[in-house]
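Before any comments, here is the structure.
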Amino acid sequence: MIKGFFAKIFKQKRFLDTIAQSNSRYGRPFPKLEFNDTMFFVREVLEYEKDETDQIIILDYILSVVREDLKTDMLTTILYNEEIADKLRCDPFPVHYFDEEGNAFSCTSERSKDNMVKVDLSKDCVLVLPWHRERLRKSIKNIFKNDFEYHSSNHLANYFSHIDVCYVYNGTHSISSGIGYKKGFIEAVYCDTSKFFEHLHTDGVYWYNSHNNNKISDLFDFRIGILYEIAKLKYKINS
């Protein structure tokens, strides 16, 4: 009887582990449920808070805490699981979105002098995923002893408006150290997220074309979906 009990527990654990591995990049076993629960709360806010100013206050609070949760989670992934960190490098948004006629547009913008914004590593939400422990060790020691120095050819990132996050895709280890020590700044390409609000939506697992509901790509993380959908709602309220 005891043997059967432990066999059942082991089977349940293996089942849950399988779900966690297949549905969550950061060990969250049920990302779609968490996305749906959050958006249900958001809908309650819009239903019960009649004053738009109060709506915005609460939505801004949710955006703030979700940004901080995702930022810290990405930054510490390499500490908890180096193998996962090495496999997770991908963009937070699809490469393209599509209008109602099927024309493709880039979710990012061209890098130019007129299209750059300054990002403060000490206080702004910078999403970065260090993936190599030896490089991170060297960078931690260097930034501890010296100031963080921005190098435009190495430190590459996109800043997504309205959700107010900066995603780093190169120079990840030095930027991670700068964030940890709250030192320095970088420049990032400004991307106007509002341009694809009417063309792109998510269910917490995938990105979809809003004109035909065709699946475009996997969602990087359900929290990016939360930030995006709430930012879209805020945009409509403010408009």
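Remark: region 109-121, residue by residue, has Karplus-estimated 3J(HN,Hα) of 10, 5, 7, 8, 4, 8, 10, 10, 10, 8, 10, 8, 6 Hz, where x stands for each Gly or Pro and the curve is 6.51 cos²θ - 1.76 cosθ + 1.60 at θ = phi - 60°.
At an R0 of 45 angstrom, the distance between the Cβ atoms of S152 and D51 translates into a FRET efficiency of 0.50.
Work out the charge dipole of the chain with +1 on the Cβ of Lys and Arg and -1 on the Cβ of Asp and Glu about the Cα centre, then indicate which of P130, H96, N209 is farthest towards its positive end. Value computed over the given set: P130. In a reduced charge model with +1 at each Lys and Arg Cβ and -1 at each Asp and Glu Cβ, region 63-151 shows a dipole moment near 700 debye about its Cα centre.
Using unit Cβ charges (K, R positive; D, E negative) and no other charged atoms, how large, in debye to the nearest 20, is the dipole of region 33-85 about its Cα centre?
On the way: 4 positive and 14 negative charges, 21 e Å.
Using only the charged Cβ atoms, the result is roughly 100 debye.
Surface composition of the chain: carbon and sulfur make up 52 percent of the accessible area, probe 1.4 Å. Label separation (T108 vs K236): 3.0 nm, computed from points 7 Å beyond Cα along the C-beta direction. Rounded to the nearest 5, the antiparallel percentage of DSSP beta bridges internal to region 109-239 is 75%. Helical runs (DSSP H, four residues minimum) scored at -39500 (n - 2.57) apiece and divided by the length of the chain put the mean residue ellipticity at 222 nm at -16000 deg cm²/dmol. In this structure, K195 and E83 have a Cβ-Cβ separation that, at R0 = 30 Å, corresponds to a calculated FRET efficiency of about 0.25. Each of G184, N146, H199 was scored by the projection of its Cα onto the charge dipole of the chain, and the greatest displacement toward the positive side belongs to N146; charges sit on the C-beta of Lys, Arg, Asp and Glu. In terms of distances greater than 24 angstrom between alpha carbons, the cross-link table entries K182/K234; K32/K232; K50/K232; K113/K195; K32/K71 yield K182/K234.
Each residue of region 41-48 is assigned a 3J(HN,Hα), and the resulting list reads 4, 4, 5, 4, 4, 5, 7, 8 Hz, derived from the Karplus form 6.51 cos²θ - 1.76 cosθ + 1.60 (θ = phi - 60°), x at Gly and Pro.
Neighbours of Y206 by Cβ distance under 10 Å: Lys/Arg scored +1, Asp/Glu scored -1, total 0. Is the chain rounded, prolate or oblate when judged by the Cα gyration tensor, a ≥ b ≥ c being the square roots of its eigenvalues, rounded requiring a/c under 1.5 and prolate requiring a/b larger than b/c? Oblate shape, in that a/c is at least 1.5 and b/c is the bigger or equal ratio.
Only aspartates and glutamates eight or more places from K183 in sequence, or on another chain, were considered; those with a Cα closer than 12 Å are D120, D124, D147, E149.
The values are calculated or read from the model by the stated rules, or taken from the named source; none is laboratory data. Predicted model only: the values in this text are computed from it and were never measured. All Cβ positions, glycine included, derive from the backbone under ideal geometry; neighbour counts span all protein chains shown. These area figures cover heavy atoms from the full protein model, side chains too; ligands, DNA and RNA do not enter into them. Shrake-Rupley method; radii C 1.70, N 1.55, O 1.52, S 1.80 Å.
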